[in-house]
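Data block below; observations after.
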Amino acid sequence: MERYYKLCQQHMGKVARITDRNGRVHVGRIERVSNRKVYIRPVGGSRRGLGFGYYGGYYGGYYGWGPAYGIGLGFITGFALAGLLFF
């Protein structure tokens, strides 16, 4: 858990791709990090309103316009900067 806390703190304000224990992929800008959760704001999307990744297990939506939401640091199984993967 401490590893992901430090990673998220180090990359605050950047877009990250986070995978949780359930296999869901969350793509968003890291807004805040507490000692238990990382809060990300979904980003991306196409002109048709479909997202580039999963958000809570559902594909689509208006990414970049939704509120930030928290992911428990203990539930994170993967972390990558999205800029390296998508942009």
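Laid out as a table, the results:
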{"quantity": "Selection within the stretch 17-42 - hydrophobic (A, V, I, L, M, F, W, C) and touching a residue at least 24 places away in the same chain (Cβ under 8 Å)", "calculated": "18, 25, 27, 33, 38, 40"}
{"quantity": "Complete set of residues in the stretch 17-35 that are more than 11 Å from residue 75 (Cβ to Cβ) and in contact with a strand residue (DSSP E or B) (Cβ under 6 Å, 6 or more places away or on another chain)", "calculated": "17, 25, 27, 28, 29, 30, 31, 32"}
{"quantity": "Residue satisfying all of: in the stretch 14-51; more than 25 Å from residue 3 (Cβ to Cβ) and crowded, with 16+ Cβ neighbours inside 10 Å; modelled with the highest pLDDT among these", "calculated": "44"}
{"quantity": "Filtered residues of the stretch 1-16 (kept if within 18 Å of residue 74 (Cβ to Cβ) and either in contact (Cβ under 8 Å) with a residue 12 or more places away in the chain or touching a strand residue (DSSP E or B) at 6+ places or on another chain (Cβ under 7 Å) (or both))", "calculated": "1, 4, 5, 7, 8, 9, 16"}
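The values are calculated or read from the model by the stated rules, or taken from the named source; none is laboratory data. Just so it is clear, the structure is predicted and the values come from calculations on it, not from any experiment. Neighbour counts run over all protein chains shown; Cβ positions are idealised from the backbone, glycine included.
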